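Each remark here refers to the structure printed beneath this line.
The values are calculated or read from the model by the stated rules, or taken from the named source; none is laboratory data. Predicted, not measured: the structure shown is a model, and the values here were computed from it. Heads up, the Cβs are rebuilt from the backbone with ideal geometry, glycines too, and the neighbour counts pull from every protein chain shown.
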Amino acid sequence: MSLMTGEQYIESIRKIKMQVYMFGEKIESPVDDPILRPSLNSVRATYDLAQKPEYADLMTAVDPDTGKTVNRFAHIHRGTEDLVKKVKMQRLLGQQTAACFQRCVGMDAFNAIYSTAYEIDKKRGTNYFENFKNFLHYVQENDLTIDGAMTDPKGDRSLAPHEQPDPDMYLRVVERRPDGIVVRGAKAHQTGVLNSHEVIVMPTVAMSPDDKDYAVSFAVPLDVKGLLLIIGRQSCDTRKLEGGSIDVGNAEYGGVEALTVFDDVFVPNDRIFLNGETEFAGMMVERFAGYHRQSYGGCKVGVGDVLIGAAATIADYNGAAKASHIKDKLIEMTHLNETLYCCGIACSAEGAKTESGNYLINLLLANVCKQNVTRFPYEIVRLAEDIAGGVVVTAPSEKDFRDPKLGPIVEKYLKGVQGVSTENRLRILRLIENLALGTAAVGYRTESMHGAGSPQAQRIMIARQGNIAAKKGLAKALAGIKE
Ligand code: SF4
Ligand code: FE
């Protein structure tokens, strides 16, 4: 099988009998649910764009092991050029969807596990690299979307996994059998899990030998027995049930997260990539987090492009575009957004080969990238709200606008400059609201803070990678200090 079309992807997800719950009810057909569908459309875009010749260079790659063309989301990075193209692909998709298109977590998991499994096998004589490569080729061959599941619920944050009063607060092995393992636990805020064919689980922290049962990585399909998803609430999510197209801001695309519960799920031996080798848990976490922090220098920049464009558009519609402070705010937004892109490109260009042969980003620069992402989108949103004016949160609803009695009043009083319809002004305001505060804020503003790790996680890595000792050496040499 070659690359799937977007439609084939949707139908392939429709066939998976997964257990999805939302608002206390089981969702029988998540693919057709109006609240969930926009998030599926975002993943669909990763398939649709891969079909277009003009994007082939970014959206596809050739796997040197098989010689086959694969979607770049299923590709192992073979050089810094691949790392740079990954970021450019993510910016492109951010621009096209203004949402989280979800498929990156699997790609980042593939690349982290590829190099880690190789190093575990080398040291411990295990068979994880072979297991993983077989899984990867199956994914590539069938052009699948894989969720990467890392974040455990974590319970009492001051305690290690094995010290938790409830032992399930980190996902763990509860039974070892000749043919595989049985796992129990949960992974929190899993972006796009219900739009995936399979899920790859990884540990969430570095571990000590006492955490042996928690050092586990594996892949299972979404319809595996014991897997259940509870969809996360998003602000304004029920606007998608109202039937209009203005108030949702971005009617076509969105993102979705779910609490993903593993209630005694069986994993066969050939789908296991880590099982008790605690000293490698930290390596897997660090590499996955590094790749995903690189990713944010692409996807968030693409969404930022849309937000800057929306802010410039509302300035036009308000008749404020010529004001010097508006121009300056748009320059500032652009400067911040491109700074994030610089970080994404830099950590890619400075990537290096791992023992397994794939390429890892520069970890220091990737963490600096994500640290900036925890800040700059907030400032970009602040400036967008400033430019938009208070009407971004006070405008009447689409139903008022369509009402025979109220519509003409809304039409008259919410108008901006001559030549621009009130409807278009409302549309761009709702898009800004969606990106800043609404459902897309999950994928832009708040996700910029916590996605790929909260700010302190990057600061720990920056401290570890910053090499202050070498910098002291530079200063002492120039100061003529001999100790
Ligand atoms: Fe991809 Fe960005 Fe969503 Fe992560 S947050 S899955 S990098 S689009
Ligand atoms: Fe994310």
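Quick one: in region 194-208, which of the residues that are of a type in the set (A, V, I, L, M, F, W, C) and farther than 30 Å from Glu28 by Cα is farthest from the chain's Cα centre (by Cα)?
Looking only at region 194-208, we keep the residues that are of a type in the set (A, V, I, L, M, F, W, C), and these are 194, 199-202, 205-207.
Remaining after also requiring farther than 30 Å from Glu28 by Cα: 205-207.
Details: Val205: 19, Ala206: 22, Met207: 24 Å.
Filtering region 194-208 for residues that are of a type in the set (A, V, I, L, M, F, W, C) and farther than 30 Å from Glu28 by Cα, the one farthest from the chain's Cα centre (by Cα) comes out as Met207.
Filter region 430-451 down to the residues that are within 16 Å of ligand 2 (Cβ to nearest atom) and of a type in the set (D, E, K, R), then identify the one that is surrounded by the most Cβ atoms within 10 Å (Cβ to Cβ). Walk me through it before giving the result.
Kept after step one, since they are within 16 Å of ligand 2 (Cβ to nearest atom), are these residues of region 430-451: 435, 439-451.
Add one more test, that the residue is of a type in the set (D, E, K, R), and what stays is 445, 447.
Details: Arg445: 21, Glu447: 23.
Among those that are within 16 Å of ligand 2 (Cβ to nearest atom) and of a type in the set (D, E, K, R), it is Glu447.
Taking Glu257 as the residue in question, decide whether it is among the acidic types (Asp, Glu) and within 16 Å of ligand 2 (Cβ to nearest atom). Break it down into steps so the answer makes sense when it comes.
Details: among the acidic types (Asp, Glu): yes; within 16 Å of ligand 2 (Cβ to nearest atom): yes.
Yes, satisfied.
Given the criteria surrounded by fewer than 22 Cβ atoms within 10 Å (Cβ to Cβ), within 26 Å of Met4 (Cβ to Cβ) and either within 16 Å of ligand 2 (Cβ to nearest atom) or over 21 Å from the mean Cα position of the chain (by Cα) (or both), does Glu163 qualify?
no
Pick from Ala258, Ala251, Ala219, Ala311: which is aliphatic (A, V, I, L, M), crowded, with 17+ Cβ neighbours inside 10 Å and in a helix (DSSP H, G or I)? Full working, then the answer.
Values: Ala258 fails: in a helix (DSSP H, G or I); Ala251 fails: in a helix (DSSP H, G or I); Ala219 fails: in a helix (DSSP H, G or I).
Going through Ala258, Ala251, Ala219, Ala311 in turn, just one is aliphatic (A, V, I, L, M), crowded, with 17+ Cβ neighbours inside 10 Å and in a helix (DSSP H, G or I): Ala311.
Since Arg233 meets every condition but one in (1) among the basic types (Lys, Arg); (2) closer than 29 Å to Ile428 by Cβ; (3) at pLDDT 95 or above, which condition does it not meet?
Only one criterion in (1) among the basic types (Lys, Arg); (2) closer than 29 Å to Ile428 by Cβ; (3) at pLDDT 95 or above is unmet by Arg233, namely (3).
Only one of these is away from ligand 1 (no atom under 16 Å from the Cβ), in contact with a Lys or Arg (Cβ under 8 Å, 6 or more places away or on another chain) and among the β-branched types (Val, Ile, Thr): Ile331, Ile314, Ile326. Name it. Step through it out loud before you land on a result.
Numbers: Ile331 fails: in contact with a Lys or Arg (Cβ under 8 Å, 6 or more places away or on another chain); Ile326 fails: in contact with a Lys or Arg (Cβ under 8 Å, 6 or more places away or on another chain).
Of the residues listed, the single one that is away from ligand 1 (no atom under 16 Å from the Cβ), in contact with a Lys or Arg (Cβ under 8 Å, 6 or more places away or on another chain) and among the β-branched types (Val, Ile, Thr) is Ile314.
If we scan region 318-339, do we find a residue that is modelled with pLDDT of 95 or more, touching a Ser or Thr at 6+ places or on another chain (Cβ under 7 Å) and in the same structural domain as Ala436 (by TED's automatic domain parsing)? Before the answer, list the steps.
Pass one, region 318-339, residues modelled with pLDDT of 95 or more: 318-339.
From what is left, the residues that are touching a Ser or Thr at 6+ places or on another chain (Cβ under 7 Å) are none.
No, there is no match, as no residue in region 318-339 is modelled with pLDDT of 95 or more, touching a Ser or Thr at 6+ places or on another chain (Cβ under 7 Å) and in the same structural domain as Ala436 (by TED's automatic domain parsing).
Select, from Arg382, Arg427, Arg402, the only residue that is buried (at least 18 other Cβ atoms within 10 Å of the Cβ) and either within 16 Å of ligand 2 (Cβ to nearest atom) or not polar (S, T, N, Q) (or both). Talk me through it step by step, then tell me what you get.
On the way: Arg382 fails: buried (at least 18 other Cβ atoms within 10 Å of the Cβ); Arg402 fails: buried (at least 18 other Cβ atoms within 10 Å of the Cβ).
Of the residues listed, the single one that is buried (at least 18 other Cβ atoms within 10 Å of the Cβ) and either within 16 Å of ligand 2 (Cβ to nearest atom) or not polar (S, T, N, Q) (or both) is Arg427.
Please state which one of Thr422, Thr374 is more than 30 Å from Ser454 (Cα to Cα) and either loosely packed, with under 14 Cβ neighbours inside 10 Å or touching a residue at least 12 places away in the same chain (Cβ under 8 Å) (or both).
Details: Thr374 fails: more than 30 Å from Ser454 (Cα to Cα).
Only one candidate passes the filter, namely Thr422.
Name the one entry in Tyr118, Tyr114, Tyr138, Tyr128 that is without any contact (Cβ under 8 Å) to a residue 60 or more places away in the chain, at negative phi and away from ligand 2 (no atom under 16 Å from the Cβ).
Of Tyr118, Tyr114, Tyr138, Tyr128, the one residue that is without any contact (Cβ under 8 Å) to a residue 60 or more places away in the chain, at negative phi and away from ligand 2 (no atom under 16 Å from the Cβ) is Tyr138.
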